[in-house]
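Report on the structure given below.
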Amino acid sequence: MNSNNDKKDKNTSFHTIVVTSPNESAAQAALEGPLHPSNLPTSSSVKVISTCDPYQTRLGSGGGTLAALSQADASFKADGSVLIIHAGGQSSRCPTQMTLGKAWTDLPVLLDNKTRLTNPTYTLIEALSNLLIPSSSIVVAASDVILHWPSSSDEQKLDLTKVSHDKVVGLAVPAPLTTAQNHGVFSLYAKNKKSHIQAVDTFFQKPSIETMKTECTITDDDMAWVDTGVIVFLPLAARVLRKLYQDELFQCYTAKGLASIYHDHHQAEKKEQSIQQFAKAPSKLELYSHILLSISTKGAIEEMNQQERLQHYVASNSDLCPTLLETMFRYFSEIELQVCTVDQGKFLHLGTTEELLQFYTSPGVLPLTNRAYTSLNDNNDINPSCVVINSDVTSSKIGANSLVEHCFLRDTTLEVGSNCVVSGLRGKFDTD
């Protein structure tokens, strides 16, 4: 289990942390393991909820956000800010983490000359706990990213307390255009060199390099402002988000609402249908393409009137019922999207096995070490660039840029080529 003995009495901006998993089994396993209070890198006063989309549904990132927020509000009534971390799916593109997801990928970090195992969720909680935000804010984040920015002891704190409370703020870091084309990109309205908080002209989803060069804000060293997967709803905007899940049209995106709709439907139709079967009906509601794009940018406000913005928004999202889109726009169109640009920030997406291997074996966002809790013993031919975690092997040959984790073979020879991943082996076995 990950070691976090230094986490006691650590301050955090959040009263409640909600982590969503792909299903109930994964959520329960996370709660009993990495999300157990003894393992978390937070103060013991922080309330933690491990959950998933209700009744085996697939609600999308926006629907999942509403469901998680509804559960947090129902569980803990105290004032304070809420952090919602979406732990993602079952990592079919990254087979080493298919059980619990990429959120719990082991990361061997070297801090103060000591090695400790952490994971993307812990590093995200630690990074976002350094945010200065007003109470009653809601922060939504994706856990398949690694973030790094100046710590709270640095003069360049990420302070959002002076931002108008009716704003939604994205966090962005500079990234090469070849990276930015696979992510969301903020084009700034006008770069304010005296502040991290910037007005947004346009938010692009996976723009081409040509689009970024002609329509986006590019830094002097040819970087674009990439969305980090972190969205902050400041208090008045957070209140609007709560109104959305309470709206009758959006009941199907919360456990309580689905149960109510099912009860009414069951009473009226008299059909023998389980709530799990009934709950498969809702369309996916996405955080970015549906909710975030209903929020106005300064560029859009100046270019189009409200009716034109609504027509453009509805036309751009034909995958969702127009009535839902119009309702979201009515709630959020008076809210403005801004962005906090972190000049010295770094960002890495852990999407595929290739990206994961590159992260492990190349210098980058975190101070990683290539050995953690490892006893390889004698008769080994191990390339210095490979990463070995939790392994007690005795005799082995491991090629360049490979990852070996969770092994325990002993008297058996283990031979691994270059650019490979070996995960989950146990005991010695007959190779004949």
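Which number do you get for Rg(Cα) / (2.2 N^0.38 Å) in segment 186-255?
Numbers: Rg = 16.6 Å, N = 70, 2.2 N^0.38 = 11.1 Å.
The reported ratio for this selection is 1.50.
Based on the Cβ-Cβ distance of Thr219 and Glu334, what FRET efficiency does E = 1/(1 + (r/R0)^6) give at R0 = 45 Å, to the nearest 0.05? Working shown, then result.
Working: r = 31 Å, r/R0 = 0.69.
Efficiency computed from Cβ-Cβ geometry: 0.90.
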| log10 of Debye I(q)/I(0), alpha-carbon scatterers only, for the chain at 0.08, 0.09, 0.10, 0.13 Å⁻¹ | -0.49, -0.61, -0.75, -1.19
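Any of Lys114/Lys397; Lys47/Lys298; Lys213/Lys346; Lys77/Lys114 with alpha carbons more than 29 Å apart? Name them for me. Spell out each step's value before the answer.
Values: Lys114/Lys397 26 Å; Lys47/Lys298 36 Å; Lys213/Lys346 21 Å; Lys77/Lys114 39 Å.
Correct reply: Lys47/Lys298; Lys77/Lys114.
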| What ranking of Arg371, Arg239 comes out by heavy-atom accessible area, probe 1.4 Å, highest first? | Arg239, Arg371
| field | Pairwise FRET efficiency - Lys206 versus Thr178, Cβ, R0 = 22 Å, nearest 0.05 | value | 0.95
| remark: Ignoring ligands and nucleic acids, Lys397 exposes an accessible area, probe 1.4 Å, in Å² to the nearest 10, of 100 Å²
| Spin-label point model (7 Å from Cα, Cβ direction): what's the Leu111 to His312 distance in nm? | 4.3 nm
| task | Would you grab the residues whose amide H sits under 5 Å from the one on Val416? Only those 5+ places off in sequence or on another chain, please, with H modelled 1.01 Å from N. | result | Lys397, Ile398, Gly399
| field | Relative contact order for the chain, counting Cα pairs under 8 Å that sit 6 or more residues apart, in percent | value | 16 percent
| query | Amide H to amide H under 5 Å from Thr118: which residues, 5+ apart in sequence or cross-chain, H placed 1.01 Å off N in plane? | reply | Leu107, Val109
| Quick one: Karplus J couplings for segment 317-330, per residue in order, coefficients 6.51, -1.76, 1.60, θ = phi - 60°, nearest Hz, x for Gly and Pro? | 9, 6, 7, 10, 3, x, 5, 5, 4, 5, 5, 4, 4, 4
| task | Kindly sort Thr121, Thr214, Thr202 by accessible area of their heavy atoms, largest first, with the probe set to 1.4 Å. | result | Thr214, Thr202, Thr121
| message | Please compute the modelled spin-label separation between His36 and Glu302, points set 7 Å along Cα→Cβ, answer in nm with one decimal. | response | 5.5 nm
| message | I'd like the accessible area for Ser316: 1.4 Å probe, protein heavy atoms, all chains in place, Å² to the nearest 10. | response | 70 Å²
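For segment 287-337, give the percent of accessible area contributed by carbon and sulfur heavy atoms, probe 1.4 Å, rounded to a whole number. Can you show the working numbers first?
Numbers: 1210 of 2450 Å².
Of the solvent-accessible surface of segment 287-337, carbon and sulfur hold 49 percent.
Heavy-atom accessible area per residue, the chain, 1.4 Å probe: how many Å²?
On the way: 20070 Å² over 432 residues.
Per residue, the chain has 46 Å² of solvent-accessible surface.
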| request: Report, in debye and to the nearest 20, how large the dipole of the chain comes out about its Cα centre when Lys and Arg carry +1 and Asp and Glu carry -1 on their Cβ. | output: 800 debye
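Can you say what percent of the DSSP beta bridges in the chain, counting only those with both residues inside, are antiparallel? Round to 5. Please report the intermediate quantities before stating the final value.
Numbers: 33 of 74 bridges.
Restricted to the chain, the bridges split so that about 45 percent are antiparallel.
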| field | Distant-in-sequence amide H partners of Ile84 (H built 1.01 Å from N, under 5 Å) | value | Val18, Val139, Val140, Ala141
| message | Probe radius 1.4 Å, ligands and nucleic acids left out: which of Ser260, Ser143 has the largest accessible area, and how do the rest follow? | response | Ser260, Ser143
| Radius of gyration and Dmax over the Cα atoms of segment 315-388, both given in Å | 23.1, 68
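The values are calculated or read from the model by the stated rules, or taken from the named source; none is laboratory data. These numbers come from a predicted model, not from an experiment. Glycine gets a Cβ as well: all are built from the backbone with ideal geometry, and neighbour counts include every protein chain shown. Surface accessibility is based on the protein's heavy atoms, side chains included, excluding ligands, DNA and RNA. Shrake-Rupley method; radii C 1.70, N 1.55, O 1.52, S 1.80 Å.
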